[in-house]
Amino acid sequence: MHNTFLIARHEYLLRVAKRSFILSTLAMPLFIVVILAVTILVALTTTDTRPVGYVDPAGILAAGAQDVETNTVFIPFDDARSAQDALEAGEIQAFYLLPQDYPRSRSVELYYWDEAPDEDIQDDFEELLSVSLAAGLEPDIQRRMLQGPHLMVRSADGRRELDTANIFSFILPFGASFLFIFTVIGSAGYLLQAVADEKENRTVEILMTTINHRQLLAGKALGLMAVTITQLAIWLVTLAIGLLVAQRFFEPLRSLQVPWGYLGVAALFFLPAYGLIAGLMMATGAAFGDLQSGQQVGGLFNLLFMVPLFFSVLVFTNPDHPLLVIFTLFPTTAFLTVLMRWGMGGLPLWQLVISWVLLTGSALVSVWLSGQIFRMGMLMYGQRIDFRLAFRELADVIRNRGSRPAVQVER
Amino acid sequence: MKTVSVSSVSKRFGSVQAVSDVSFEVFPGEIFGLLGPNGAGKTTTIRMMLDIFEPDSGEIEILGGRLDEEKKKRIGYMPEERGLYKDQKLEPTLVFLASLKGMSSAQAHRDLEDWLKRLDLWEHRSKEIKELSKGMQQKAQLIATLVHDPDLIVVDEPFSGLDPVNTRLVKDILEEQRRAGKTILMSTHQMNQVEALCNRIVLINQGRSVLYGEVSEIKRRFAGNALTLQGQGEIPPLPGVLDMRHQNGAWQLTLDENSDPQEILRQVAGLDSFQVERFELTQPSLDDIFVTVVQEGRLSAEVANA
């Protein structure tokens with residue numbers, strides 16, 4: 001166990017100190033910061049912050065003007081003439097005119113020069129008007145009226161629902177799913193390289209006379225998983241900070257809630273999904289003498305993990321489609337499909353359980369197989385495994401329950 | 001007590017019999033030579049000893065029993081295929097390898113300082129290994145083999161890539177380890193180093209053990225009926241002597257297989273025409289023995305195949 005820890009620590013420190021890791025890890029937060037800064041800059045420089053006037057001879061807005069606090073500053077004018085003078089003088093960007101007969105006509109006139117006030121200003125005025133009109137009502141009725149409609153779309157069986165008031169809570173898990181899978185697949189390169197490194201730099205013989213192959217592979221997989229988690233944590237924390245900042249400037253983001261259920265499922269599936277890809281990649285790295293050949297085969301495995309991406313539309317239109325159920329249960333596609341379907345709220349418990357069991361089982365088998373292949377291939381410097389012989393030996397190993405495989409190697 | 005006991009060990013890879021019925025023992029305080037031509041099965045034998053491969057048959061005992069995780073920490077191995085983490089700095093790499101052998105980080109740093117200074121690598125400890133010369137990397141590998149003070153040291157071609165100064169340094173270190181009671185198993189092609197360092201050897205050819213024993217005894221065994229005589233005067237033809245040549249100021253006498261060298265000495269000593277100054281049984285070098293045995297092996301194999 002101690003040796004596994006030493007290998008894991010060595011692998012972790014080796015990878016996180018690499019320039020490529022630092023650059024790729026910082027690129028994402030940097031991207032978010034730049035996008036955020038540009039958005040805020042654009043918002044600040046293009047938004048007209050001048051006040052907006054209103055002419056209200058009937059005194060309808062009097063009540064609201066006292067109670068409502070909006071981002072827009074509203075200035076009352078006695079008549080249209082003085083408001084127009086202020087508009088022409090550039091003191092205000094626009095003004096609303098509520099005619100004397102507003103309670104009957106329900107029509108408001110908006111005066112401006114070249115550009116209409118933006119949507120936020122119009123929303124603020126509507127709020128001011130709504131509060132003013134509801135001023136005399138019972139508090140409960142007043143509150144309900146001001147809240148407006150809250151639309152919840154729910155499937156007939158009640159399993160799936162879409163809350164229009166919290167649309168970002170639905171979109172976020174979907175986006176995060178891509179982040180998870182790209183991070184895991186991104187680490188596949190490290191995993192592939194992990195065993196190829198020791199073969200190429202010839203340290204494998206020294207290591208194998210000190211520790212056993214299980215300790216070596218487990219240590220490397222754990223070290224690289226810690227690298228992946230570090231990268232993911234940095235990205236998620238940055239994303240969270242970015243969202244917190246963005247909330248101040250973007251109203252709809254304020255309804256965002258932490259998707260704990262989604263995070264729980266992601267955490268549950270992360271370890272076995274990582275184990276599966278680690279096993280497959282390390283087996284590939286062990287089987288091929290050179291990194292380039294290994295990368296070609298590794299690329300095919302990556303594709304197996306990313307197949308659900310090509311069916312994203314189906315997740316939106318029919319999350320219970322039989323093909324998606326198959327993807328949910330199939331180990332390589334399970335992680336991404338489960339996360340995407342979870343975002344739609346359409347994942348029966350039995351599928352979740354069977355998917356996790358199959359994924360965990362296949363992860364254990366792949367890690368075990370990678371150990372056997374590593375043992376066969378570790379000393380075949382610059383050579384590929386004779387796969388016919390390898391499969392025969394593996395079959396022998398399974399029959400003999402753990403006796404060691406013999407392979408064709410240099411003497 | 002034996003440090004290494006290899007008993008009737010065999011290993012086959014597919015259709016190739018890599019090692020066949022090889023046996024030898026290695027004891028504390030000796031430098032044991034594992035010799036053989038390329039592809040003879042030396043590396044396979046070492047890998048079986050170190051549990052990288054499992055033999056098809058035979059028994060191997062290391063440090064008094066089957067090799068386990070604890071015993072692995074008492075072994076220092078320098079493989080023929082040299083390798084260290086090229087992109088990493090020298091000292092942290094050596095500390096990592098030492099920690100896998102059970103040393104604490106603090107102890108490893110302390111002991112490494114002595115080794116790095118002794119092998120002139122102290123100034124280079126913060127360099128990446130790929131920046132070091134081949135000879136420096138070779139010395140770094142030797143440090144990785146010895147820093148944890150192993151009881152069994154297995155070195156495969158320890159002198160390859162070293163200049164004469166560093167060759168002498170490595171020889172001195174191996175001698176020092178032997179004097180300290182360590183068991184050293186050395187595989188090399190450099191017969192002069194074997195003659196200078198090894199007490200006993202085993203020669204493996206085509207997977208089989210063809211010579212095994214003390215170096216002096218093996219040389220005596222291969223001496224044959226040949227004598228070297230040095231002195232003043234002329235030696236007439238003598239009974240039992242097949243050939244007599246004067247080379248480099250000495251007489252080389254080839255005896256027939258029934259002649260006794262001591263009898264020839266008595267005859268020469270009785271001659272009035274020759275005054276003996278030096279008399280010795282002519283011993284072939286290990287290099288000659290190696291070539292003779294390997295060529296005989298090839299000849300036998302060709303005859304068998306024919």
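Just checking, how many residues over segment B:185-239 are part of a strand (DSSP E or B) and either surrounded by fewer than 19 Cβ atoms within 10 Å (Cβ to Cβ) or in the same structural domain as B:S20 (by TED's automatic domain parsing) (or both)?
Going through segment B:185-239 one residue at a time, the tally reaches 22.
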ask   = Any idea which of B:E61, B:E123, B:E113, B:E70 is part of a strand (DSSP E or B), away from every other protein chain (no Cβ under 11 Å) and among the acidic types (D, E)?
value = B:E61
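Yes/no per residue for (1) touching a residue at least 40 places away in the same chain (Cβ under 8 Å); (2) within 17 Å of B:E280 (Cβ to Cβ); (3) touching a Lys or Arg at 6+ places or on another chain (Cβ under 9 Å):
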position	(1), (2), (3)
B:Q190	no, no, no
B:L197	yes, no, yes
B:V202	yes, no, no
B:E234	yes, no, no
ask   = Mind checking whether some residue in segment B:160-168 is part of a helix (DSSP H, G or I) and touching an Asp or Glu at 6+ places or on another chain (Cβ under 7 Å)?
value = no
Test: residue in segment A:349-361 that is under 16 Å from A:G264 (Cα atoms) and among the small types (G, A, S) = yes
query = Any chance segment A:315-323 includes a residue that's surrounded by 16 or more Cβ atoms within 10 Å (Cβ to Cβ), at pLDDT 85 or above and touching a helix residue (DSSP H, G or I) at 6+ places or on another chain (Cβ under 8 Å)?
reply = no
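Is segment B:30-48 home to any residue that is acidic (D, E), more than 9 Å from chain A (Cβ to nearest Cβ) and out of contact with any helix residue (DSSP H, G or I) (no Cβ under 8 Å at 6 or more places or on another chain)? Step through it out loud before you land on a result.
Initially, segment B:30-48 is screened for residues acidic (D, E), giving B:30.
When the remaining residues are screened for being more than 9 Å from chain A (Cβ to nearest Cβ), the result is B:30.
Pick out the ones that are also out of contact with any helix residue (DSSP H, G or I) (no Cβ under 8 Å at 6 or more places or on another chain) and you get none.
Scanning segment B:30-48, I find no residue that is acidic (D, E), more than 9 Å from chain A (Cβ to nearest Cβ) and out of contact with any helix residue (DSSP H, G or I) (no Cβ under 8 Å at 6 or more places or on another chain), so the answer is no.
Yes or no: B:P55 in contact with a Ser or Thr (Cβ under 8 Å, 6 or more places away or on another chain), more than 8 Å from every other protein chain (Cβ to nearest Cβ) and not in a strand (DSSP E or B)? Steps first, please.
Values: in contact with a Ser or Thr (Cβ under 8 Å, 6 or more places away or on another chain): yes; more than 8 Å from every other protein chain (Cβ to nearest Cβ): yes; not in a strand (DSSP E or B): yes.
Yes.
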Enumeration of residues in segment A:10-51 that are over 30 Å from A:M225 (Cα atoms) and basic (K, R) = A:R50
request  = Go through (1) in a strand (DSSP E or B); (2) facing chain A (nearest Cβ under 8 Å); (3) over 17 Å from B:K182 (Cα atoms) one by one and return the number of the condition B:D21 breaks.
outcome  = (2)
query = Residue check: is B:V215 at pLDDT below 95 and in contact with a Cys (Cβ under 7 Å, 6 or more places away or on another chain)?
reply = yes
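Residues in segment A:72-84: is at least one more than 14 Å from chain B (Cβ to nearest Cβ) and in contact (Cβ under 8 Å) with a residue 40 or more places away in the chain?
Within segment A:72-84, the subset more than 14 Å from chain B (Cβ to nearest Cβ) is A:72-84.
So of that shortlist, the ones also in contact (Cβ under 8 Å) with a residue 40 or more places away in the chain come out as A:72, A:74.
Within segment A:72-84, one or more residues are more than 14 Å from chain B (Cβ to nearest Cβ) and in contact (Cβ under 8 Å) with a residue 40 or more places away in the chain.
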ask   = How many residues are of a type outside the set (A, V, I, L, M) and more than 11 Å from chain B (Cβ to nearest Cβ) if we restrict to segment A:180-223?
value = 11
note = Checked against (1) in contact with a Phe, Trp or Tyr (Cβ under 8 Å, 6 or more places away or on another chain); (2) facing chain A (nearest Cβ under 7 Å), B:S99 satisfies every condition except (1)
key: Sole residue being within 21 Å of A:L263 (Cβ to Cβ), at pLDDT 85 or above, touching a Ser or Thr at 6+ places or on another chain (Cβ under 8 Å) and more than 14 Å from chain B (Cβ to nearest Cβ), chosen from A:L336, A:L347   = A:L336
task = Could you list, in sequence order, all residues of segment B:141-174 that are surrounded by fewer than 21 Cβ atoms within 10 Å (Cβ to Cβ), more than 13 Å from the chain's Cα centre (by Cα), more than 23 Å from B:T45 (Cα to Cα) and not hydrophobic (A, V, I, L, M, F, W, C)?
result = B:D149, B:G161, B:D163, B:P164, B:N166, B:T167, B:R168, B:D172
inquiry  = Anything in segment A:31-65 that is without any contact (Cβ under 8 Å) to a residue 24 or more places away in the chain and closer than 22 Å to A:D101 by Cα? List them, or say none.
reply    = A:G59
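Take the residues of segment B:107-130 that are loosely packed, with under 13 Cβ neighbours inside 10 Å and over 15 Å from B:V95 (Cβ atoms): which is modelled with the lowest pLDDT?
Ranking the qualifying residues of segment B:107-130, first place goes to B:K130.
Scanning segment B:1-34 for residues that are acidic (D, E) and surrounded by 15 or more Cβ atoms within 10 Å (Cβ to Cβ), which turns out nearest to B:D51 (Cα to Cα)? Give the derivation first.
First, the residues of segment B:1-34 that are acidic (D, E): B:21, B:25, B:30.
Then drop every residue that is not surrounded by 15 or more Cβ atoms within 10 Å (Cβ to Cβ), which leaves B:25, B:30.
Working: B:E25: 17, B:E30: 22 Å.
Per the stated criteria, the residue is B:E25.
Quick grid of which residues meet (1) loosely packed, with under 11 Cβ neighbours inside 10 Å; (2) part of a strand (DSSP E or B); (3) among the hydrophobic types (A, V, I, L, M, F, W, C); (4) over 34 Å from the mean Cα position of the chain (by Cα):
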| residue | (1), (2), (3), (4) |
| --- | --- |
| B:L253 | no, yes, yes, no |
| B:S259 | no, no, no, no |
| B:L265 | no, no, yes, yes |
| B:E277 | yes, yes, no, yes |
| B:P284 | no, no, no, no |
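Sort out which residues of segment A:196-245 are of a type outside the set (A, V, I, L, M, F, W, C) and more than 27 Å from A:L364 (Cα to Cα), and write them in order of number.
Kept after step one, since they are of a type outside the set (A, V, I, L, M, F, W, C), are these residues of segment A:196-245: A:197-203, A:205, A:209-210, A:212-215, A:219-220, A:223, A:228, A:230-231, A:238, A:242.
The answer is A:N201, A:R202, A:T238, A:G242.
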query = Looking at segment B:74-96, which of its residues are more than 7 Å from chain A (Cβ to nearest Cβ) and in contact with a Pro (Cβ under 8 Å, 6 or more places away or on another chain)?
reply = B:R74, B:G76, B:M78
task = Given the conditions (1) in contact with a helix residue (DSSP H, G or I) (Cβ under 8 Å, 6 or more places away or on another chain); (2) over 28 Å from A:L44 (Cα atoms), report the number of the one that A:T70 does not fulfil.
result = (2)
query = Which pairs do you get when a residue that is more than 10 Å from A:N3 (Cα to Cα) and of a type in the set (K, R), found in segment A:205-232, comes within reach of a residue that is at pLDDT 85 or above and part of a helix (DSSP H, G or I), reach meaning Cβ atoms under 7 angstrom, with the pair 6+ apart or on two chains?
reply = A:K220/A:I7; A:K220/A:E11
task = Would you point out the residue of segment B:133-159, among those that are in a loop (DSSP other than H, G, I, E, B) and modelled with pLDDT of 90 or more, that is nearest to B:T93 (Cα to Cα)?
result = B:V147
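The values are calculated or read from the model by the stated rules, or taken from the named source; none is laboratory data. The structure presented is a predicted model; accordingly, all values stated were derived computationally and were not measured. No Cβ is skipped: glycine too gets one built from the backbone with ideal geometry, and neighbour counts run over all protein chains shown.
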